[in-house]
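A.B. asks: Once you've had a glance at the structure underneath, I'll fire off some questions.
The values are calculated or read from the model by the stated rules, or taken from the named source; none is laboratory data. This structure is a prediction, so every number in the text was calculated from the model and none was measured. Here the Cβ positions follow ideal geometry from the backbone for every residue, glycine too, while neighbour counts run over all protein chains shown. Ligands, DNA and RNA are stripped out before the accessible areas are found, and what is left, the full protein with its side chains, is counted by its heavy atoms. Shrake-Rupley method; radii C 1.70, N 1.55, O 1.52, S 1.80 Å.
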Amino acid sequence: MDVREVALKAQYYALSHGILVQETLMTEAENSSQPRPSFPRFALFPSPLPRHELAFLKSIQPQISELYDNVSRDHDFLKTALKRVAETDEFTRRLVDVLETVDREGVSNETSFSLLRSDYMLESRPEAWNSLTKMKQTEVNTIAASNGCLSERFPELHRYTVSLRDGIREDNYEKELPTPPNGRGIAEGLAAAWKQYGSNSAVIVMLVGNRELNVYDTYQLGAELWLNHGVKMVRVVFDDVILGGSREAKLREDKALVMYLGID
């Protein structure tokens, strides 16, 4: 099948199987009242990857997560490592200021939960693709760790596009595709943190940008939390929290962060 026809069918597949983003950047108020689904940018076919490299990366993820957790708790190291960056980057400087304030005033709650997304790219040489190809870490997302719900749908999409391209349905192809993370696993982690908090009336707050494309992924996560764990998730816009909006967050003397959510 011609690749342009495969691309068209892939777009319709994405639209009909929940691989969605908003068509244009919209405010949270618009997102909550005007769904305008479109498909995200995606690779038409899966990328080849040496099996041993993928297996190695998966095996060390617990250690990588533990490493970043340990680094996050070493405040002296963080302040030293980020000192030069903070001199020229305002965002980093404000984060360091928050860290110094926490050190000065103390921590009121030692319990924490981290949701990390570790990103990698291939480094390879055409003359010896399998033996010389290595996966290199490009970043670790500690704030914008999204797309867990969307990513679980891509193996089926790629199974579909490959079958269209080759004109056959390859039953053995399924075992060649890795199992991606999924919204259920992320929801389980968030629900465990909610349970550890110890209040049945507590909710999980998701901070979102003032204009967002990636709303369907996060709405699915909220549905997973509610349907499978009975936990409410509330979406709150950054500016409403920071700039004195309707949900401005205020820090009490006991270091509790208070925010009016307007929910039952």
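A.B. asks: Could you work out the relative contact order of the chain? I mean the mean sequence separation of Cα pairs under 8 Å and 6+ apart, divided by the number of residues, in percent.
C.D. replies: Rounded, it is 21 percent for the chain.
A.B. asks: Ignoring everything but the protein chains, give the 1.4 Å probe accessible area of residue 68 in square angstrom, nearest 10.
C.D. replies: 80 Å²
A.B. asks: Choose one answer from 157, 67, 221: the residue with the largest mean-square fluctuation in a GNM of the chain with alpha-carbon springs under 10 Å.
C.D. replies: In the Gaussian network model the winner is 67.
A.B. asks: So, one more: Considering only protein heavy atoms and a probe of 1.4 Å, how much of the accessible area of the chain is carbon and sulfur, as a whole percent?
C.D. replies: Answer for the chain: carbon and sulfur cover 53 percent of the accessible area.
A.B. asks: Let me ask something else about it. If the chain between residue 133 and residue 97 were fully stretched, how many nm would it gain, using 0.36 nm times the residue separation less the Cα-Cα distance?
C.D. replies: 8.9 nm
A.B. asks: Quick query: amide H of residue 234 versus all other amide H atoms, modeled in the peptide plane; which residues come in under 5 Å with a sequence gap of 5 or more or a different chain?
C.D. replies: Sorted by chain and number, the residues that satisfy this are 204, 205, 206.
A.B. asks: At a 1.4 Å probe radius, which order do 39, 56 fall into by accessible area, largest first?
C.D. replies: The ranking, largest first, comes out as 56, 39.
A.B. asks: A further question on this structure: Determine which aspartates and glutamates satisfy two conditions relative to residue 232: a Cα distance under 17 Å, and not lying fewer than 8 residues away in the same chain.
C.D. replies: Filter leaves 188, 217, 224, 264.
A.B. asks: Which entries of 79/255; 58/79; 58/134 have Cα-Cα distances beyond 20 Å here?
C.D. replies: Distance filter (> 20 Å) returns 79/255; 58/79.
A.B. asks: Turning to a different aspect of this structure: Where does helix 90-105 land angle-wise versus the long Cα axis of the chain, in degrees 0 to 90, nearest 10?
C.D. replies: The two axes meet at around 50 degrees.
A.B. asks: Which whole-number value in Å² is the accessible area per residue of the chain, probe 1.4 Å?
C.D. replies: 67 Å²
A.B. asks: What fraction of the DSSP beta bridges in the chain is antiparallel, stated in percent and rounded to the nearest 5?
C.D. replies: Of those bridges, close to 70 percent are antiparallel.
A.B. asks: I'd like the accessible area for residue 117: 1.4 Å probe, protein heavy atoms, all chains in place, Å² to the nearest 10.
C.D. replies: 70 Å²
A.B. asks: Taking R0 as 41 Å, what's the FRET efficiency between residue 59 and residue 4 from their Cβ-Cβ distance, rounded to 0.05?
C.D. replies: The value I calculate is 0.55.
A.B. asks: Kindly identify the range 28-86 as rounded, prolate or oblate by the Cα gyration tensor criterion: order the square roots of the eigenvalues as a ≥ b ≥ c, call it rounded if a/c is under 1.5, otherwise compare a/b with b/c, prolate if a/b is larger, else oblate.
C.D. replies: Oblate.
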